[in-house]
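See structure below.
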Amino acid sequence: SCCYLSRRLNQLSSHDPLWKRHCKKYWLISEEEKNKRDQSWKAIFISTYSDLGRYIRYYATLKKAWDDLEKYLGQRCPRMIGSLKESVQEEDLDAVESQIGCKLPDDYRCSFRIHNGQKLVVPGLMGSMALSNHYRSEDLLDIDTAAGGFQQRLGLKQCLPLTFCIHTGLSQYMALESVEGRNKYEIFYQCPDQMARNPSAIDMFITGASYLEWFTSYVNKVVTGGYPIIRDQIFRYVHDKECVATTGDITVSVSTSFLPELSSVHPPHYFFTYRIRIEMSKDALPEKACQLDSRYWRITNAKGDVEEVQGPGVVGEFPIISPGRVYEYTSCTTFSTTSGYMEGYYTFRCLYYKEKFFNVAIPRFHMVCPTFKVSTARMETNHNEYAMDEDEDSTDTDEYEDRRRVLDIPAPSGRCPRHT
C-alpha cells in the first residue's frame, strides 16, 4: 500500500532487506533457497503469500516442527521418513471441506500444505506402544483417508480422525464443531461408556486443544528426547528426570505411559504401562556383578488404598547385571482411580559372594490419567439405568476388544502382565 503514495515510499517499500526479514520470519526461506529461485526477496514474499497467505499465523511454526521432526527421524528412524506424503494444494483441501460439509481449521490445513500425513504403514509417525501381546502404532492420516473416516453418527458427530492404528483401530479425533459437549477443534481419544446401553455414550480422553498445539507439543517431545526411540520407532513413554534411584553401583529409572485403548471412564479402569531401566555403573568392580532374584511393589491409588505385590524375577526373567550393563523391561498396572503411584525394591544376589543378597530401591513414580470429558449422552440418560449395572465385574480385563473401530479392524486379544 505504501508504494503507491510517493516515490520515496515506493523506494522504501521495495527495499529488499525488509522483505528478507519477512521471508525468513514467516516462510523460513533461507539464503540458499533464495539463490536457487533467482528472485528478489520481495518477489519471493509476494509469490509465497499469494499461495500460503491465509496461513501466515501458523506456517513458520508448523514448518519448523516438520523440519525438526524430519531431521531428527532422518538420523534415528530413516525408514519412517519414506512414509511421509508430499503436500497437497488448496483445491484438494477445499474439495474435502465440500465432501464433509465442514470447515477445516487453518492450522490443520497449513500442516497438509507441508506434508499430507503418511502412508498407512508401521511404524506410525505419531508413536508406538508394545506390551506383551498388545501393540499400537499410530499413523498420521492423509487428508483423503481422514475425510473417509469423518463421523456423523451420534457420540462422534462432526469429528474427523487425525490418526489411526492398523492393529487396534484406535484413532485420535478432532471435533470440527462444538457439539455433544466438545469444544471446537478439541482433539481426543474416544472411550465408549461400557456401562451405558446407549451406543452414543462416548467419553473422551483429551489430548489437545488445537491442531497446532497438539502437533507441535508432540514433535517437541520427540526431538528433545522426551520420547525414546526403540527399534526404529517412537515410543510414547514419559520420563520424569527425578524418577531415578541409585543404590550402590546400580541405578533404577522409570518412565510411564497411559493407554487409552485399554482404559475406560465407566467403569473406572485406568491402564498404565511403565518401562524400567536397571543399570550398573561402568566403574563398578567386576565382583559387583549380581543377578536379580525377586521384586517387591507397594501400589497406592488416589484413595490411599495400598496393594503389596512380591514375586520372583521380573517378567519371567532373572537378569544378570554387571559393570556397564543395562537391562530394560516393560510391565503394566491398572487403577480404579484416575491416578496412583508405585514404589518398591528389587532383591539381588551377588554372583561372587553367592550367599549375599541386597535390595535396590525402585523410585516412586506417579501415573495420572489425562483430562477426560464424560459423554453428554450418559449425563442425559436415566440414572436408574446405571444402578442396574453397578455390580458388573470391572476387574483387570482387556475390555477394549469389544469397542467399535472407525475402520472396523479387529483388535488383538489377550491380557497383559501386571506388576512385574
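Can you find even one residue in region 62-82 that is touching a Ser or Thr at 6+ places or on another chain (Cβ under 6 Å) and either surrounded by 13 or more Cβ atoms within 10 Å (Cβ to Cβ) or part of a helix (DSSP H, G or I) (or both)? Yes, region 62-82 has at least one match.
Among the residues of region 20-41, the ones that are open to solvent by 50 Å² or more (accessible area, probe 1.4 Å) and either within 17 Å of CYS110 (Cβ to Cβ) or assigned to a helix (DSSP H, G or I) (or both) come to 13 in all.
If you go through region 287-301 and keep only what is of a type outside the set (Lys, Arg) and open to solvent by 70 Å² or more (accessible area, probe 1.4 Å), you end up with just GLU287. If you check THR246 against the conditions, is it open to solvent by 20 Å² or more (accessible area, probe 1.4 Å), assigned to a strand (DSSP E or B), modelled with pLDDT of 95 or more and closer than 23 Å to LYS221 by Cα? Considered against the rule, which asks whether it is open to solvent by 20 Å² or more (accessible area, probe 1.4 Å), assigned to a strand (DSSP E or B), modelled with pLDDT of 95 or more and closer than 23 Å to LYS221 by Cα, THR246 comes out as no.
The listed residues are ASP240, ASP232, and the only one of them that is in contact with a Cys (Cβ under 8 Å, 6 or more places away or on another chain), surrounded by fewer than 16 Cβ atoms within 10 Å (Cβ to Cβ) and either farther than 22 Å from LEU262 by Cα or in contact (Cβ under 8 Å) with a residue 24 or more places away in the chain (or both) turns out to be ASP232.
Against the condition surrounded by fewer than 19 Cβ atoms within 10 Å (Cβ to Cβ), in contact (Cβ under 8 Å) with a residue 24 or more places away in the chain and out of contact with any Asp or Glu (no Cβ under 8 Å at 6 or more places or on another chain), how does ALA284 come out, does it pass? It is false that ALA284 is surrounded by fewer than 19 Cβ atoms within 10 Å (Cβ to Cβ), in contact (Cβ under 8 Å) with a residue 24 or more places away in the chain and out of contact with any Asp or Glu (no Cβ under 8 Å at 6 or more places or on another chain). Whether any residue in region 43-58 is more than 30 Å from GLU213 (Cα to Cα) and either part of a helix (DSSP H, G or I) or touching a Gly at 6+ places or on another chain (Cβ under 7 Å) (or both) is what I want to check. Yes, because at least one residue in region 43-58 is more than 30 Å from GLU213 (Cα to Cα) and either part of a helix (DSSP H, G or I) or touching a Gly at 6+ places or on another chain (Cβ under 7 Å) (or both). Of the strands (runs of 3 or more DSSP E) lying entirely inside region 304-374, those containing at least 2 residues that are touching a residue at least 12 places away in the same chain (Cβ under 8 Å) and open to solvent by 70 Å² or more (accessible area, probe 1.4 Å) span 306-312, 357-368.
Quick one: is ASN220 under 18 Å from the mean Cα position of the chain (by Cα) and open to solvent by 30 Å² or more (accessible area, probe 1.4 Å)? Answer is yes for this residue. Is it true that some residue in region 186-201 is aromatic (Phe, Trp, Tyr) and within 25 Å of ASP232 (Cβ to Cβ)? Among the residues of region 186-201, at least one is aromatic (Phe, Trp, Tyr) and within 25 Å of ASP232 (Cβ to Cβ), which makes the answer yes.
In region 249-273, what count of residues is obtained for those that are over 30 Å from THR376 (Cβ atoms) and either of a type in the set (Ser, Thr, Tyr) or open to solvent by less than 10 Å² (accessible area, probe 1.4 Å) (or both)? The total comes to 8. Selection of region 180-210 for residues being more than 20 Å from SER264 (Cβ to Cβ) and either out of contact with any helix residue (DSSP H, G or I) (no Cβ under 9 Å at 6 or more places or on another chain) or among the aromatic types (Phe, Trp, Tyr) (or both) yields ASN183, LYS184, TYR185, ALA209.
Against the test of being farther than 19 Å from LEU259 by Cα and not in a strand (DSSP E or B), the options LEU160, LEU125, LEU154 yield a single qualifying residue, LEU154.
The values are calculated or read from the model by the stated rules, or taken from the named source; none is laboratory data. All figures in this text were calculated on a predicted structure; none of them were measured in a lab. Cβ coordinates were reconstructed from backbone atoms using ideal geometry, including for glycine residues, and neighbour counts include every protein chain displayed. Just so you know, the surface numbers come from the protein's heavy atoms only, side chains and all, with ligands and any DNA or RNA stripped out. Shrake-Rupley method; radii C 1.70, N 1.55, O 1.52, S 1.80 Å.
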